[in-house]
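K.L.:
The following block contains the structure, expressed as structure tokens.
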Amino acid sequence: MTILQFDAVIVGAGIVGGTLAGLLIKGGRKIAVVEPRLPEPFEPESDFELRVSAISRASQRALVEVSAWERVLAKRAHAYEAMQVWDAGGSGEIRFDSSEMGEADLGHIVENNVIQSSLLEVLAKNTHVTLFTPSKVVSMSNTESGGRLITLDTGEQLSANLIVGADGSQSVIRDLAGLSVMREDYGQKGLVTVVKTEQAHQNTAWQRFLSGGPLAFLPLDNGYSSIVWTLPADRADRHLKQSEDEFKRVLAEALDYRLGAITDIGPRAAFPLMGSQASAYIATGVALVGDSAHTIHPLAGQGVNLGIKDAVALAELLSPLSSREWGSHKRLRQYERARKGDDVLTMKVMEGFKTLFGHDADVVKLARNTGLNIFNSIPLLKQQIMRSAMGL
Ligand SMILES: Cc1cc2nc3c(=O)[nH]c(=O)nc-3n(C[C@H](O)[C@H](O)[C@H](O)COP(=O)(O)OP(=O)(O)OC[C@H]3O[C@@H](n4cnc5c(N)ncnc54)[C@H](O)[C@@H]3O)c2cc1C
């Protein structure tokens, strides 16, 4: 079978792989994208998807750049204007308001399939992209010219100077490149569902820190909210088995009835939560981006945003170079240096928050509640933190 040549092969057309492909084709490069499963086409009347992301301003800018953002807005996205965070173990409370920052909103809550399908529409229209789907990578080897060759389960063979692993936390490319991964099982699950509440969500992201983990209500259209509730794994499983009425009551109580009773609820699912870091983000002719390189605790909803930062950093580095240089170890090291520190730091900060808010000792509770209230009273400090979270 003929070997098909590309400037780069991106394995995985999730949000991160799709964004990277969109950025690289802007320079007229020839890109292959391999994806085993395409999302269902978006229907305006469809129920909300269970997986949503809080898209930061920096991620929004990247999606604008690849012409996917207008498609996202035309489908379904909800701007949130404030964030209210409080501690169940005391009186500590903090509020971030977009008006205090001179911004219209703090970001958007968007269903993952809305972003992914918008990116795929953009890629499908571009003649520089060849989409191999439904296809999986089965092997990877070196070529005589110093590039990489991958074979798909369909038998097709693709060659390029750079193979990008954007294939998520169970990355096959990471394994085929011989990179190990350090995992930390948090012993927790993220329980997700969609609810409607008695009181309006006020375009606010609500987050209450409970001793078992944080509970977030993220605003969606028509008064609905997407729920991400981090819980010890056994408790999450118990909540999945409860009757709808029982769970609605437990959930409203867990949010301290800030939005009143739960009046409508969709299906529930729970995902095991795992922190992970690949031993390296690069190997000969290979780079990892997004969840294939790292996964973090979802308590601040930064997973996709970190992955998009990887895609932007890699595209900025590669765009001015000839594609012959795309597999250069020296160049790829620059990418790794630019991203790994930020990813590890974010992971550690999230784990720090998880530990701090998981403590039941009175002295820790007092310290963190006092800290939250002091923090809330210093607008400049709050603005600085928020600007950095938004990627401004
Ligand atoms: C409960 C929960 C809540 C979360 N909430 C948020 C949030 O609010 N905000 C946020 O930013 N992040 C959140 N995250 C994290 C976020 O979902 C991930 O960081 C993000 O989806 C990673 O994107 P990705 O494109 O790197 O990987 P993925 O979304 O996993 O995409 C990988 C792609 O690769 C494909 N693939 C897999 N195997 C192969 C193969 N062998 N060959 C080819 N392709 C393959 C897959 O089909 C998929 O399309 C949350 C995570 C969890 C568990």
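K.L.:
Within segment 154-177, how many residues turn out to be open to solvent by 50 Å² or more (accessible area, probe 1.4 Å) and within 7 Å of the ligand (Cβ to nearest atom)?
P.N.:
Number of matching residues: 2.
K.L.:
Next up: Would you check if there is a residue in segment 161-176 being assigned to a strand (DSSP E or B) and among the acidic types (Asp, Glu)? It would help to see each step written out before you state the result.
P.N.:
Looking only at segment 161-176, we keep the residues that are assigned to a strand (DSSP E or B), and these are 162-165.
Cutting the leftovers down to among the acidic types (Asp, Glu) gives us none.
Checked against the condition, which is being assigned to a strand (DSSP E or B) and among the acidic types (Asp, Glu), segment 161-176 yields no hits at all.
K.L.:
Out of (1) open to solvent by 20 Å² or more (accessible area, probe 1.4 Å); (2) among the small types (Gly, Ala, Ser); (3) under 30 Å from ASP264 (Cβ atoms); (4) touching a Gly at 6+ places or on another chain (Cβ under 6 Å), what's the single condition that is false for SER56?
P.N.:
For SER56, the failing item is (1).
K.L.:
Residues ASN126, ASN112: which one is farther than 20 Å from ARG29 by Cβ and in contact (Cβ under 8 Å) with a residue 24 or more places away in the chain?
P.N.:
Numbers: ASN126 fails: farther than 20 Å from ARG29 by Cβ.
Answer to the check: ASN112.
K.L.:
Condition check: in contact with a strand residue (DSSP E or B) (Cβ under 7 Å, 6 or more places away or on another chain) and either at pLDDT below 95 or outside any helix (DSSP H, G or I) (or both). Does ALA32 satisfy that? Don't jump to the end; show me each part of the working.
P.N.:
Values: in contact with a strand residue (DSSP E or B) (Cβ under 7 Å, 6 or more places away or on another chain): yes; either at pLDDT below 95 or outside any helix (DSSP H, G or I) (or both): yes.
Answer is yes for this residue.
K.L.:
Could you tell me which numbered condition VAL195 fails, if it satisfies all but one of (1) β-branched (Val, Ile, Thr); (2) closer than 28 Å to VAL52 by Cβ; (3) within 15 Å of the ligand (Cβ to nearest atom); (4) part of a strand (DSSP E or B)?
P.N.:
(3)
K.L.:
Counting only residues that are within 21 Å of PRO134 (Cβ to Cβ), open to solvent by less than 40 Å² (accessible area, probe 1.4 Å) and within 7 Å of the ligand (Cβ to nearest atom), how many does segment 14-53 have?
P.N.:
6
K.L.:
Please go through segment 250-282 and pick out each residue that is open to solvent by 30 Å² or more (accessible area, probe 1.4 Å), of a type in the set (Phe, Trp, Tyr) and not in a strand (DSSP E or B).
P.N.:
TYR257
K.L.:
Shifting gears a bit: Restricting the first residue to segment 131-143 and requiring it to be on the phi < 0 side of the Ramachandran plot and near the ligand (Cβ under 8 Å from one of its atoms), which pairs with a second residue that is open to solvent by less than 50 Å² (accessible area, probe 1.4 Å) and in a loop (DSSP other than H, G, I, E, B) meet a Cβ separation below 7 Å and a spacing of at least six or different chains?
P.N.:
Listed pairs, sorted by first residue: SER135/PRO36; LYS136/PRO36.
K.L.:
Return the total of residues in segment 283-319 being open to solvent by 10 Å² or more (accessible area, probe 1.4 Å), near the ligand (Cβ under 9 Å from one of its atoms), small (Gly, Ala, Ser) and on the phi < 0 side of the Ramachandran plot.
P.N.:
Adding up the residues that qualify gives 2.
K.L.:
Could I ask something else about it? Which members of segment 1-13 meet the condition of being assigned to a loop (DSSP other than H, G, I, E, B), open to solvent by 20 Å² or more (accessible area, probe 1.4 Å) and of a type in the set (A, V, I, L, M)?
P.N.:
MET1
The values are calculated or read from the model by the stated rules, or taken from the named source; none is laboratory data. This is a predicted model, so every value here is computed, not measured. Because the Cβ atoms are built from the backbone with ideal geometry, glycine has one as well, and the counts that use them run over all protein chains shown. Heads up: the accessible areas ignore ligands, DNA and RNA and are worked out on the full protein's heavy atoms, side chains in. Shrake-Rupley method; radii C 1.70, N 1.55, O 1.52, S 1.80 Å.
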